[in-house]
1. Every residue in segment 243-290 that is of a type in the set (V, I, T), under 22 Å from L182 (Cα atoms) and touching a residue at least 60 places away in the same chain (Cβ under 8 Å), please.
2. Kindly indicate the residue of segment 288-310 that is among the small types (G, A, S) and surrounded by fewer than 18 Cβ atoms within 10 Å (Cβ to Cβ) and also farthest from F63 (Cα to Cα) among those meeting that condition.
3. Test of understanding: among S173, S178, which residue is in contact with an Asp or Glu (Cβ under 8 Å, 6 or more places away or on another chain), surrounded by 22 or more Cβ atoms within 10 Å (Cβ to Cβ) and of a type in the set (S, T, N, Q)?
4. Would you check which residues across segment 201-226 are surrounded by 13 or more Cβ atoms within 10 Å (Cβ to Cβ), in contact (Cβ under 8 Å) with a residue 60 or more places away in the chain and either in contact with a strand residue (DSSP E or B) (Cβ under 8 Å, 6 or more places away or on another chain) or over 20 Å from G277 (Cβ atoms) (or both) and list them?
5. Can you name every residue in segment 177-232 that is small (G, A, S), closer than 20 Å to I44 by Cα and under 22 Å from the mean Cα position of the chain (by Cα)?
6. Restricting to segment 230-256, count the residues that are among the small types (G, A, S) and surrounded by fewer than 16 Cβ atoms within 10 Å (Cβ to Cβ).
7. Conditions: (1) modelled with pLDDT of 80 or more; (2) in contact with a helix residue (DSSP H, G or I) (Cβ under 6 Å, 6 or more places away or on another chain). L119 meets all but one. Number of the miss?
Amino acid sequence: MEIQLLGITVLWIFLYGYLIVASIDFGAGFFAYYGKITKQDHIINSIISRYLSPVWEVTNVFFVFFFVGLVGFFPSTAYYYGTALLVPGSIALVLLAIRGSFYAFGNYGAKDSNIYTFLYGATGLLIPASLSTALTISEGGFITEENGTVVFLVKELFTSFYSWSVVLLAIVSVLYISAMFLCFYANKAKDWPALEILRKFALFWSPPTILASFLVFLALRDHNIEHFNDMIDYSYMFILSFICFNIAVWLVYKNKRYGTAFIFVMLQFFFAFFGYGVSHLPYILYPYITLDTGFTNETMGIALVIAFIAGLFLLIPSLILLMRMFLFDANYVQGNREK
């Protein structure tokens with residue numbers, strides 16, 4: 001059990017990293033389009049562009065690590081999820097391709113194209129919505145086995161209240177996390193007009209985020225009572241998350257310490273995300289895959305854990321270097337140095 005638990009913990013860390021980094025990226029694309037259609041792009045889009053330019057290529061590293069590792073550690077996930085995620089997974093990959101392509105076109109080609117900006121902003125909301133399907137399916141009730149064949153219950157997924165509540169949470173969380181970070185970024189750049197607009201975005205998307213979280217709790221109670229009861233056992237994790245949420249919003253409301261506020265945003269999602277994850281165990285997919293039944297052999301498991309921990313030790317210093325060279329470099333943030 002120890003190596004299985006270590007393996008899923010490493011994977012969950014990668015997924016948490018993707019949650020934070022990708023949310024900032026996805027939400028920034030939406031805000032860039034919103035700024036353009038509301039004629040505020042001359043105020044906020046320079047800040048957004050300075051953030052996106054050095055990081056948009058690297059956000060999917062966490063995503064690739066997680067899904068490759070999931071299949072490596074738990075090979076049976078490919079058997080069960082292969083059918084279920086064929087459609088939403090394909091949609092997500094197409095959207096990721098569109099997003100990357102049109103970001104490049106929009107920034108290095110037709111800079112004033114509303115179509116490119118729209119596609120970049122729209123995919124920023126559609127990608128997390130499609131990817132959230134994987135977590136929804138893991139709760140069970142959307143896959144069945146008939147005569148040794150996995151059958152994906154599409155109708156149940158699209159008519160499930162729990163499924164749509166997770167989609168809603170994914171979208172509003174992206175906008176909330178991104179707005180909170182961009183507030184910090186604008187403050188660091190001393191761009192006060194942009195900060196005022198982004199601060200309004202952050203405060204606006206705060207209540208929907210917490211309401212959507214409670215909605216997911218209520219929906220899960222009806223969909224998977226076993227997991228819901230396990231989450232109650234770890235209620236202290238979600239209480240800590242709610243406390244961090246209140247501190248972050250209060251700091252932004254008081255217009256101070258935006259860096260500290262974003263740290264509390266990360267802690268908010270850390271406690272909620274890991275509270276959800278630990279209460280989900282030992283199941284990877286209800287009721288078919290558990291840590292014990294779905295895990296690869298011990299030798300392969302140890303090798304994968306070593307490889308993924310080494311990957312973390314390579315990835316984290318690389319991100320720190322990227323931040324020091326671009327995101328937190330005073331001249332770059334304030335627009336005094338070209339990307």
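1. Within segment 243-290, the first condition is being of a type in the set (V, I, T), and the residues that meet it are 243, 247, 249, 252, 260, 263, 265, 278, 284, 289-290.
Of the ones still in play, those that are also under 22 Å from L182 (Cα atoms) are 243, 247, 249, 252, 260, 263, 265.
Listed by number, the residues that qualify are V252, V265.
2. Once the filter is applied, the top-ranked residue is A303.
3. Working: S173 fails: in contact with an Asp or Glu (Cβ under 8 Å, 6 or more places away or on another chain).
Just one listed residue meets the conditions, S178.
4. Residue satisfying the conditions is F201 alone.
5. S178, A179, A186, A202, S206
6. Adding up the residues that qualify gives 1.
7. (1)
The values are calculated or read from the model by the stated rules, or taken from the named source; none is laboratory data. A quick note: this is a predicted structure, and the numbers were derived from the prediction, not measured. Methodologically, a virtual Cβ is constructed for each residue, glycine included, from the backbone with ideal geometry; neighbour enumeration extends over all protein chains shown.
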